[in-house]
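The values are calculated or read from the model by the stated rules, or taken from the named source; none is laboratory data. None of the values given here were measured: they were computed from a predicted structure. Ideal geometry is used to build each Cβ from the backbone, glycine not excepted, and the neighbour counts take in all protein chains shown. Quick note on the areas: whole protein, heavy atoms, side chains included, nothing else; ligands and nucleic acids left out. Shrake-Rupley method; radii C 1.70, N 1.55, O 1.52, S 1.80 Å.
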Amino acid sequence: MLQKIRNVQTRKLVLAAMFCALTFLGTCIAIPVPVAGNLNFGDGFLLVAAWTLGLPWGLGAALGAMLSDLAMGYGIYIPATLVIKALMVVAAVLLRRAMEGIHMPRLVRRILPGVAAELIMAAGYYLFESLFVLNSFTAALANIPFNLLQGLFAIILSTLVTLRNWNWHI
């Protein structure tokens with residue numbers, strides 16, 4: 001029995017490290033979008049990690065997002081990214097758990113936790129940029145549509161990835 005517990009914990013640790021790396025790489029690889037800047041795969045991998053690993057292991061993806069800020073020279077965003085992405089994981093996991101017993105279409109049960117997490121992302125970066133980067137609540141409003149577009153991309157990606165294997169057993 002103890003060996004089985006160790007195997008599960010080791011598997012979760014390895015998967016947390018894998019999602020940390022996937023989120024890091026997914027955030028670093030940007031897809032140019034006219035007018036909207038760039039989209040990346042990072043939040044999509046973060047949501048998949050949250051739903052696949054739960055807490056605390058899904059938080060490894062938040063670490064990957066923070067490390068991408070470090071690697072890409074966005075040092076000022078490092079603490080905010082770690083906190084915001086960790087809150088996103090917590091929200092996605094807890095909302096998914098809360099919705100397990102509710103009778104509604106499976107697709108809705110997949111999308112709503114992602115929407116909550118991405119709204120946390122947009123609000124979190126708005127507050128951080130308002131208070132510490134731009135020093136203006138008005139100027140920071142300009143980034144909200146781009147963050148919401150990034151969030152929509154992440155919700156679509158994570159929903160497609162988990163569509164067939166929603167209840168992965170680790």
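Assessment of the range 5-28 against the conditions (among the charged types (D, E, K, R) and either exposed (fewer than 13 other Cβ atoms within 10 Å of the Cβ) or in a loop (DSSP other than H, G, I, E, B) (or both)) yields at least one matching residue.
Pull up the range 41-85, narrow it to residues that are of a type in the set (S, T, N, Q) and modelled with pLDDT of 95 or more, then point me to the one that is surrounded by the fewest Cβ atoms within 10 Å (Cβ to Cβ). Write out each step before concluding.
So the first thing to find is which residues in the range 41-85 are of a type in the set (S, T, N, Q), and the list is 52, 68, 81.
With the extra rule that they be modelled with pLDDT of 95 or more, the set shrinks to 68, 81.
Working: Ser68: 22, Thr81: 26.
Step by step, filter the range 41-85, then rank; the result is Ser68.
I want to confirm something. Restricting to the range 99-119 and keeping residues that are in contact (Cβ under 8 Å) with a residue 40 or more places away in the chain and open to solvent by 60 Å² or more (accessible area, probe 1.4 Å), which single residue is nearest to Phe153 (Cα to Cα)?
If we filter the range 99-119 for residues that are in contact (Cβ under 8 Å) with a residue 40 or more places away in the chain, which is where we start, we get 106-107, 110-111, 113-115, 117-118.
Now drop any that are not open to solvent by 60 Å² or more (accessible area, probe 1.4 Å), which leaves 106-107.
Working: Arg106: 19, Leu107: 16 Å.
For the range 99-119, the residue satisfying everything is Leu107.
Among the residues of the range 87-133, write down those that are of a type in the set (Gly, Ala, Ser) and either within 16 Å of Gly151 (Cβ to Cβ) or not in a helix (DSSP H, G or I) (or both).
Filtering the range 87-133 down to residues of a type in the set (Gly, Ala, Ser) leaves 91-92, 98, 101, 114, 116-117, 122-124, 130.
Residues satisfying the conditions are Ala91, Ala92, Gly101, Gly114, Ala116, Ala117, Ala122, Ala123, Gly124.
Looking only at the range 137-160, which residues are of a type in the set (A, V, I, L, M) and surrounded by fewer than 18 Cβ atoms within 10 Å (Cβ to Cβ)?
Ala139, Leu141, Ala142, Ile144, Leu148, Leu149, Leu152, Ile156, Leu160
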